[in-house]
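The values are calculated or read from the model by the stated rules, or taken from the named source; none is laboratory data. All values derive from a computational prediction rather than experimental measurement. Cβ atoms come from the backbone with ideal geometry, glycine included; neighbour counts cover every protein chain shown. Only protein heavy atoms, including side chains, enter the accessible area calculation; ligands, DNA and RNA are left aside. Shrake-Rupley method; radii C 1.70, N 1.55, O 1.52, S 1.80 Å.
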Amino acid sequence: MDPVNIGIIGLGNVGWGTLDVLAENARDIALKLGFPLRVRGLCSRNIAAKKFPADFDCALKTTDWRDIVNLPDVHIVAELVGGTGVAREIVEAAAGCGKSVVTANKELMAQAGADLWDRAIASRINLAMEASVAGGIPIHAVLREGISGDRITTLYGILNGTCNYILTEIERRRASFEEILKEAQEAGYAEADPSADVDGYDSRSKLAILAALAFGERIVPSDIYTEGIRRITPVDFDYAHLLHHTIRLVCAARQSPAGLILSVRPSLIPETTILAGVRGAYNAVWVRGKFGADTFYYGRGAGPHPTGVAVVSDLMRVAREIRGGSPERVSPFAHARLGEYEPISVTLHESAYYLRFRVEDRPGIIAQLATALAAESISIDAVLQLPDANWRDLPFVITVEPTSEASIRAAMARMAELNFFIEPPLALPMERSL
Ligand SMILES: NC(=O)c1ccc[n+]([C@@H]2O[C@H](COP(=O)([O-])OP(=O)(O)OC[C@H]3O[C@@H](n4cnc5c(N)ncnc54)[C@H](OP(=O)(O)O)[C@@H]3O)[C@@H](O)[C@H]2O)c1
């Protein structure tokens, strides 16, 4: 049977991973589809420096992405360039030529996914993006097909492998954030500029996409309250363990009576929860539905081969749909806001909190902190101080009963007036309901 032809633009980690899978798994792919996938064109700016396996001898090699999009017999364009500039031009140009697109681009889809989806529907093409979130976990297929009959109420995720690796290494070895980050950079696991990962922005883009898919809303990254992991220390894990918790960068989208509360932030989670078992560079997504209750998905969040599998599986699905004469068989990325899922401020979220303080020792500190909390009607649950703490630099912890984020922020603002802190207090939610 005639092949479905694909053009691949961007030959970095994901592009090469995709080519590897396509070459090494070509026979199985053809058997599963009933026809082969043929790589018709390949593009990267320094294509001349790349050595390709013989499987791709017949493919057009070019430095200009337009050559790929304009090749008349390319049916599907894989955008594996990244960023929001050229990548968006590629997607729009392909749609303009009536060609379906597969992308791994979380940044682009988080910022402009709903618009690009409208464009794709209008152009009667397919736009597939499984690799954009949690590379090796087929979570888009789950949300758009597997559990699409349910009404999702909550979605939790650990969506950044670098952050999860750093946190679990701080926990395992009691080393500092800076030490582990440096090691991860030297080993190539973390970017030279780590901000997108450790400040939570990468997770935020991924949560925006998943929440849009799960709740059918147009959600953009700025709807999501975001905090990174730079302030987490080994002492925080010591206290968390004392409380039978651990710490992860938790991405959360929860339906409340007033709307959808979205956040990416380091949080204390019970040691007994399934999310606490997610260690190292792994990702996980936990979805709770009104009818189907809890489902959990776990796997590699990145890497050339896991992400390459996601891209190839998308290529196969789109190829199958092209052959079947259907531009798009599953529900769209996001529909018009239904209102009940409209994002609302994280200040409305209610939770117990872990408050960690580093202070210069002097009498009356606890009383002043208690006064600031009481002024916001916040009840103290426990005051904890580990016995080996250095008396000149005293990290101690107060946990408080469930209260609103607004009240905690107001109490922190009162505390900011006090003059005994070595560093500003750290407030982390304690996710006891997980
Ligand atoms: N890395 C992962 O594990 C992972 C996981 C999930 C999703 N993603 C997403 O996948 C996408 C690609 O990531 P990556 O890690 O593969 O990035 P990468 O290693 O930087 O690769 C990007 C590729 O695009 C090419 N490129 C850049 N600008 C171009 C242009 N104007 N024309 C043609 N080619 C161009 C680059 O090669 P030249 O410099 O030779 O042009 C390079 O081959 C991103 O959207 C990323 O967020 C990555």
VAL81 passes all but one of the listed conditions (1) under 24 Å from GLY301 (Cβ atoms); (2) out of contact with any helix residue (DSSP H, G or I) (no Cβ under 6 Å at 6 or more places or on another chain); (3) not charged (D, E, K, R); the exception is number (2)
From (1) under 32 Å from the mean Cα position of the chain (by Cα); (2) open to solvent by less than 50 Å² (accessible area, probe 1.4 Å), pick out the condition that doesn't hold for PHE56.
(1)
What pairs come out if I take residues in the stretch 99-113 that are in contact (Cβ under 8 Å) with a residue 60 or more places away in the chain and more than 20 Å from VAL14 (Cα to Cα) and pair them with residues that are within 12 Å of the ligand (Cβ to nearest atom) and open to solvent by 10 Å² or more (accessible area, probe 1.4 Å) whose C-beta lies under 8 Å away, six or more apart or interchain?
GLN111/THR84; GLN111/SER205
Residue match in the stretch 125-134 (condition: within 10 Å of the ligand (Cβ to nearest atom), on the phi > 0 side of the Ramachandran plot, assigned to a loop (DSSP other than H, G, I, E, B) and crowded, with 23+ Cβ neighbours inside 10 Å)
yes
Log entry, pairs with first residue in the stretch 235-252 being on the phi > 0 side of the Ramachandran plot, second being surrounded by fewer than 24 Cβ atoms within 10 Å (Cβ to Cβ), beta carbons closer than 9 Å, six or more apart or on different chains, reads HIS244/PRO270; HIS244/GLU271; HIS244/THR272
Go through the residues of the stretch 390-398 one by one and say whether even a single one is surrounded by fewer than 19 Cβ atoms within 10 Å (Cβ to Cβ) and either touching a Cys at 6+ places or on another chain (Cβ under 7 Å) or free of Cβ contacts under 8 Å to residues at least 12 places away in the same chain (or both).
yes
Within the stretch 135-159, which residues are open to solvent by 10 Å² or more (accessible area, probe 1.4 Å) and within 16 Å of the ligand (Cβ to nearest atom)?
GLY136, PRO138, ALA141
Say whether the condition of being in contact with a helix residue (DSSP H, G or I) (Cβ under 8 Å, 6 or more places away or on another chain), within 16 Å of the ligand (Cβ to nearest atom) and within 18 Å of VAL287 (Cα to Cα) is met by at least one residue in the stretch 161-176.
no
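Could you please let me know if ILE29 is more than 16 Å from the ligand (Cβ to nearest atom) and among the β-branched types (Val, Ile, Thr)?
Working: more than 16 Å from the ligand (Cβ to nearest atom): yes; among the β-branched types (Val, Ile, Thr): yes.
Yes.
Would you check if PRO402 is under 29 Å from the mean Cα position of the chain (by Cα), on the phi < 0 side of the Ramachandran plot and either modelled with pLDDT under 95 or not aliphatic (A, V, I, L, M) (or both)?
So PRO402 passes the test.
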What number of residues within the stretch 61-86 are without any contact (Cβ under 8 Å) to a residue 60 or more places away in the chain and closer than 18 Å to GLY12 by Cβ?
9
Restricted to the stretch 60-91, and to residues that are open to solvent by less than 30 Å² (accessible area, probe 1.4 Å) and in a loop (DSSP other than H, G, I, E, B), which residue is nearest to the ligand (Cβ to nearest atom)?
LEU80
When you scan the stretch 290-321, how many residues do you find that are assigned to a strand (DSSP E or B), among the β-branched types (Val, Ile, Thr) and within 16 Å of the ligand (Cβ to nearest atom)?
0
If LEU108 satisfies all but one of (1) within 30 Å of SER433 (Cβ to Cβ); (2) part of a helix (DSSP H, G or I); (3) not β-branched (Val, Ile, Thr), what's the number of the condition it fails?
(1)
Using the structure shown, decide if GLN185 is free of Cβ contacts under 8 Å to residues at least 12 places away in the same chain and open to solvent by 10 Å² or more (accessible area, probe 1.4 Å).
yes
State whether one or more residues within the stretch 1-18 are within 16 Å of the ligand (Cβ to nearest atom), surrounded by fewer than 16 Cβ atoms within 10 Å (Cβ to Cβ) and either without any contact (Cβ under 8 Å) to a residue 12 or more places away in the chain or not assigned by TED's automatic domain parsing to the domain that holds GLY188 (or both).
yes
Reported set for the stretch 188-211 where residues are outside any helix (DSSP H, G or I), open to solvent by 10 Å² or more (accessible area, probe 1.4 Å) and at pLDDT 95 or above is PRO194, ASP199
Scan (1) within 11 Å of the ligand (Cβ to nearest atom); (2) part of a loop (DSSP other than H, G, I, E, B); (3) in contact (Cβ under 8 Å) with a residue 24 or more places away in the chain; (4) on the phi < 0 side of the Ramachandran plot for the single condition ARG45 breaks and write down its number.
(3)
